[in-house]
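For reference, the structure discussed in these notes is given below.
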Amino acid sequence: TYTYLCCYPVPTSVSGTKVTFDLPAQQDGKASGGADIMIADPVSYGPLGPIPEPDDHSTMSMRMNRMMHQFRFFLPEGQNMMGEPVQEINMTMPQNIAGTVTADFTDPTVAPTLSNGVNTITTELAEPIGESAGLDDAEFACVSVFPYDGTYTDSDYMQLSVYSQTYKAEIDPVSLSGRTFAAGHSTPVRILPMSVQKFYRLTMKIGENH
């Protein structure tokens with residue numbers, strides 16, 4: 001038999017059993033572009049042969065473990081003072097949440113480490129989100145962050161600002177006291193736009209390269 005190992009996305013570097021990934025500070029609300037870092041449980045299995053059909057899953061399978069935490073932002077119904085879908089979310093945390101992630105791709109139970117970290121993530125939504133009546137049918141913007149299992153104090157807050165096509169809104173700081181954000185879990189976060197201001201975007205184009 002063989003021992004099969006797997007991780008996602010393709011790591012930026014490999015050294016022994018250690019792999020590194022770039023957890024981006026610029027995301028798209030879908031946890032794509034390498035933001036959803038996963039490592040599989042090792043699997044012992046015999047030699048792999050050709051797959052007879054793409055939908056044939058009768059051979060070896062692997063269980064992938066999400067190594068990051070995800071915030072799922074949504075707009076509660078009747079609370080969007082901007083009157084337009086949210087196109088961008090800027091989030092700042094007390095601790096670093098993006099950067100270079102190092103993990104052991106042979107053991108997903110080993111906690112990853114973060115270096116070259118930043119504590120702000122800007123999310124330009126690939127699909128802007130509108131209001132949602134409840135969590136069951138909510139439109140979510142997902143942001144993948146490095147997990148935190150420390151202890152927040154009463155003075156720790158998540159800072160948020162959001163943008164629509166023509167407005168910018170500040171959000172009341174979200175208290176983090178008593179919260180933890182473990183790997184493999186997600187936390188829904190309500191967006192309650194306040195202090196709405198008119199926002200102008202300038203689009204610059206080069207019609208012809210001289």
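The values are calculated or read from the model by the stated rules, or taken from the named source; none is laboratory data. Please read all numbers here as calculations on a predicted model, not as lab measurements. For neighbour counting, all protein chains shown are included, and Cβ atoms are generated from backbone atoms with ideal geometry for every residue, glycine included. Note: areas computed on protein heavy atoms with side chains; ligands, DNA, RNA excluded. Shrake-Rupley method; radii C 1.70, N 1.55, O 1.52, S 1.80 Å.
Assorted remarks:
- Note on the stretch 106-154: Kirkwood radius taken over Cα pairs, Stokes-Einstein applied at 10 °C and 1.306 mPa s, translational D equal to 107 µm² s⁻¹.
- Per residue, the accessible area of the chain comes to 58 Å², computed with a 1.4 Å probe over protein heavy atoms only.
- Sulfur and carbon atoms: percent of accessible area, the stretch 60-109 [1.4 Å]: 43 percent
- Charge dipole (debye, nearest 20) of the chain; +1 at Cβ of Lys and Arg, -1 at Cβ of Asp and Glu: 500 debye
- Nearest-0.05 FRET efficiency for Val110 and Lys205, computed from C-beta distance (R0 45 Å): 0.40
- Charge dipole magnitude, Cβ of K and R +1, D and E -1 - the stretch 1-118, Cα centre, debye nearest 20: 340 debye
- Working from Cα pairs under 8 Å separated by at least six residues, relative contact order for the stretch 123-210 is 25 percent.
- Low-density loop positions, trypsin sites (Lys or Arg not before Pro), the stretch 11-116 - DSSP coil, at most 16 other Cβ in 10 Å: Arg63
- Sequence-distant lysines (8 or more away, or on other chains) whose Cα lies within less than 28 Å of Lys198: Lys30, Lys168
- Over the chain: Kirkwood hydrodynamic radius from C-alpha pairwise inverse distances, Å: 19.3 Å
- Under 5 Å from the amide H of Tyr167 lie the amide H atoms of Phe199, each residue being 5 or more positions distant or on a separate chain, with H modelled from the backbone and absent for Pro and chain starts.
- Exposure of His185 as accessible area (Å², to 10), given a probe of 1.4 Å and all protein chains: 110 Å²
- Fully extended contour minus Cα-Cα distance, from Ala25 to Ala182, at 0.36 nm per residue: 54.6 nm
- Dmax and Rg, reported as Rg then Dmax, of the stretch 1-57 (C-alpha, Å): 15.0, 42
- The value for the stretch 78-202 of Rg(Cα) / (2.2 N^0.38 Å) is 1.17.
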